[in-house]
Each structure stands twice: as C-alpha cells, then as structure tokens.
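S.K.: Quick one: the structure is below, questions incoming.
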Amino acid sequence: MEGRHMAEDGSEYWQSVIEKLEGDRATVAVREAAAAEEARPLALPAATGDAKAAKRLAEINARRDALVREAETFSVALTTAREQHAAAVAKERAAQDAERRAVLAEEAKSLIQRAQEFDAAARALAVAAAGYDQELTSLSRRGLTSTQYNRLRNRTMTAGALHIAGLTGHVPLPAVSPGHRKTLEAWAKQMLGAVTEPPAEAA
C-alpha cells in the first residue's frame, strides 16, 4: 500500500501475500488449461503410432504435470497464508480490544473523580443550606417578621436558585415558574432590604 508501511506479521501483509498467491495459482491454472488444449489434438496420433506426436505429447504432459504440482504448491501456501492472516487479525483485534479497555479504564477513573467532586460539592451545599437555615432561625428570634421568615424559607425559591445555578437536568428539581428563578442571594436581599439598609433620617 503506497505511503504506508505494512508489518510483515500484520493482517494487511498476509492479505497481500494471499492475493499474490491466488493470482499466481490462477496464472498456473490458465497455463495448464492451455497445455491441455495443446495436447488434445496429439492424443489420437500418439495413440495410433505417430512417434513425433507421441514425443510432443510427452513433452506437453510433462509440462502439465509440473504445472499441476506448482498449482498444488500454491494451494498449500495459500492455506498457510490464510492461517497466518487469521492469526494476525486475531492479534490485531486483541490489541485493539486492549487499547479500548485501557481508554475505558482511564475514562472510568476520570468519571469516578467527577463523582467525588460532585459528592464534595453536595456536602458543601448541605453545609451551606444548614448555615442558611441557622441564620434564618436566628433572625426570626431577633424579630424577623413571620412573612419574611416564611418567604425566605420558601422551598420554591430554593428550587429556583438551584435551577439558576444550572442543576436542571442533573438532579431532580421541582418545576418552578420563571418568576421564582433567581439566586437565593438576590431573593434574600429583596426580602431583607428594609433590615440591611439604614433607616432614612427624619427631615
């Protein structure tokens, strides 16, 4: 194959050997058939005492015998070449399978690493959620109105924050309307603006 090296134990090499042997055997078969046709008209004269015809026929038959043996040699060689080709194909497939398994193993390790990162992020989210709840409970004790508390504790707004964070499709989230999809920070600032902003001074 032009521009491509074929290993002498590879399937492509043995396929090329097989094709050449098949071609050579076919050529020999054509030559033997031609010799048979050449011998046909000599058979009767040789059998009826024509010495010249008999000599010529013997020469042709000797050539035919040699061609038959040559064809047999090519047939035996073809059997061996096909066995070598089958072995090479099996070896190459085994190598490809091993390579695929190695790639799969590396990708599996990468996925496990991603799973570890996911688990760590989930634990961090749980810690942050617990801290949020603790702060909200503390605010409630210090005078946060029940309306503010209930709205800041609203699970729909929490789900909306998770949608905004891009978790849709990765974890099971309840559907929320577009109006509820905002970050928890934005929602907290909206609800606590009156608490965090200093009171306006009297004119």
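The values are calculated or read from the model by the stated rules, or taken from the named source; none is laboratory data. Nothing here was measured: the structure is a model prediction, and the numbers come from that model. Neighbour counts are summed over all protein chains in view; Cβ atoms, including those assigned to glycine, are modelled from backbone coordinates with ideal geometry. Side chains included, ligands, DNA and RNA excluded: accessible areas come from the protein's heavy atoms. Shrake-Rupley method; radii C 1.70, N 1.55, O 1.52, S 1.80 Å.
S.K.: What number does region 1-89 give for Rg over Rh if you use C-alpha atoms and the Kirkwood radius?
M.R.: 1.25
S.K.: When we measure straight from the Cα of residue 109, which aspartates and glutamates land under 20 angstrom away, once same-chain ones fewer than 8 places off are left out?
M.R.: Excluding near neighbours in sequence, the set is 97, 99, 117, 119.
S.K.: Starting from the eigenvalues of the Cα gyration tensor, five times each then square-rooted, give me the equivalent ellipsoid semi-axes of region 96-183, largest first, whole Å.
M.R.: 40, 16, 6
S.K.: Taking the C-alpha atoms of the chain, how large are the radius of gyration and the largest Cα-Cα span, Dmax, in Å?
M.R.: 44.3, 148
S.K.: Put +1 on the Cβ of every Lys and Arg and -1 on every Asp and Glu Cβ in region 46-155; which of 53, 85, 139 then has its Cα farthest towards the positive end of the dipole?
M.R.: In region 46-155, that residue is 139.
S.K.: So, with a 1.4 angstrom probe, what is the percent of accessible area on the chain that is carbon and sulfur?
M.R.: For the chain, the apolar C and S fraction of the accessible surface comes to 57 percent.
S.K.: List the aspartates and glutamates whose Cα sits under 13 Å from the Cα of residue 189, skipping any in the same chain fewer than 8 residues away.
M.R.: 197
S.K.: Would you calculate a helix-derived [θ] at 222 nm for the chain, using -39,500 (n - 2.57) for each DSSP H run of n ≥ 4 and dividing by the full residue count, to the nearest 500?
M.R.: Computed ellipticity for the chain at 222 nm equals -28000 deg cm²/dmol.
S.K.: Starting from the 7 Å offset along Cα-to-Cβ, what nm value, one decimal, do you get for the label separation of residue 16 and residue 119?
M.R.: 5.3
S.K.: Right, another one. With every protein chain present, what is the per residue accessible area of the chain (1.4 Å probe, Å²)?
M.R.: It amounts to 72 Å² per residue over the chain.
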